[in-house]
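The values are calculated or read from the model by the stated rules, or taken from the named source; none is laboratory data. Since the model is a prediction, treat every value here as computed from it, not as a measurement. Positions of Cβ are backbone-derived with ideal geometry, glycine not excepted, and every protein chain shown enters the neighbour counts.
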Amino acid sequence: MTNIKRLIPATFVVLWATGFIGARYAMPWSEPFTFLAIRFALAASILLALALVLRSRWPSRTQAAHSLIAGALMHGGYLGAVFWAIKHGMPAGISALIVGLQPLVTALLAGAVLGDKILPRQWLGLAVGFAGVVIVLSPKIGVAASGITGATLAAGFFSVASMSTGTIWQKRNVASADLFTGTFYQYLGGALPMVLGSFLLETRILTWNGELLFAMVWLVLVLSIGAIFLLMVLIREGEMAKVASLFYLVPAVTAVIAYFLFGEEMTPVQIAGIVVATIGVGLATAQPGSLSRVSR
């Protein structure tokens, strides 16, 4: 069992990275909020069935409310913004990189909300991490065809804030909730803003084909069920800085997958930026005496 637990972080990173690829497959054929509303509804239905079959423990009204809020942030706010940015042309690799700032933001929130002490080297890590992101984005900033605009960048940073706030909310208020019933309420919380957004801003028309069907099945089963369950286990059993640091490994994995599947270019400057930003996360999250590696 111990050996299996050691595989959870790496497995989570790989599965989470495929979420950006799934978005790339889905967005040409669906509007983002409509797609996510359906995805969350399907995931909630599967979890409800599993909870009933397994006779899982149901949370109190207060715990359910906290799970709804965490879900609205972690799923609705985070994924809604990411999918919207990709729909409007943001490359999957760059989207993943911006979201990679989440460890740094989470470390700061953990200090303010959970009482974790923020050390000088962590402030240095924050600055270095941001510098790395600027380096990676610099070759494409101002190039209209790249899909990197003020609006898509704003959506990317909004997704970071949503995910960071949501994981802190989950850790502080409902970390001990049953995985099946707690995650069920999370997806209900995530679905509400997506349904609202689809009715207010979209036509709710989907073009069903092989790519969209594959993306839906993959994202529901592998991401919404598999990866999220792993994340809940990590949040329950780990320190927030260590859990959050895993997210910065996602951009590199996503970039490699996007390179092979979509031919998205990664220039030497961008690769250098990833290295710089990774060093920043290492400074911000590593425990004393382990500054030479990213905290895991």
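The residues of segment 195-211 include none that are touching a Leu at 6+ places or on another chain (Cβ under 8 Å) and not in a loop (DSSP other than H, G, I, E, B).
Quick check, is Gly77 of a type outside the set (Lys, Arg), outside any helix (DSSP H, G or I) and in contact (Cβ under 8 Å) with a residue 24 or more places away in the chain? Spelling it out, it is not the case that Gly77 is of a type outside the set (Lys, Arg), outside any helix (DSSP H, G or I) and in contact (Cβ under 8 Å) with a residue 24 or more places away in the chain.
A single entry from Gly93, Gly89 fulfils the requirement of being outside any helix (DSSP H, G or I) and either hydrophobic (A, V, I, L, M, F, W, C) or modelled with pLDDT under 90 (or both): Gly89.
Taken together, Leu7, Leu15 contain a single residue that is over 17 Å from the mean Cα position of the chain (by Cα) and closer than 23 Å to Ile257 by Cα, which is Leu7.
Report yes if Arg55 is among the basic types (Lys, Arg), under 14 Å from Leu179 (Cβ atoms) and surrounded by fewer than 23 Cβ atoms within 10 Å (Cβ to Cβ), otherwise no. Taking the combined requirement at face value, the residue satisfies it.
Residues checked against (1) of a type in the set (A, V, I, L, M); (2) in a helix (DSSP H, G or I):
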position	(1), (2)
Val13	yes, yes
Ala26	yes, yes
Ala37	yes, yes
Ser45	no, yes
Leu52	yes, yes
Ser56	no, no
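Name the single residue that is farthest from the chain's Cα centre (by Cα) among those in segment 265-296 being at pLDDT 70 or above and assigned to a loop (DSSP other than H, G, I, E, B). Per the stated criteria, the residue is Thr267.
Against the numbered list (1) buried (at least 16 other Cβ atoms within 10 Å of the Cβ); (2) assigned to a helix (DSSP H, G or I), Phe214 comes up short only at (1). Per this entry, Glu237 is not counted among residues that are of a type in the set (D, E, K, R) and more than 26 Å from Leu48 (Cα to Cα). Test of understanding: among Ser176, Ser164, Ser224, Ser198, which residue is farther than 16 Å from Ala41 by Cβ, of a type in the set (S, T, N, Q) and buried (at least 17 other Cβ atoms within 10 Å of the Cβ)? Step by step, each of Ser176, Ser164, Ser224, Ser198 is checked, and only Ser164 is farther than 16 Å from Ala41 by Cβ, of a type in the set (S, T, N, Q) and buried (at least 17 other Cβ atoms within 10 Å of the Cβ).
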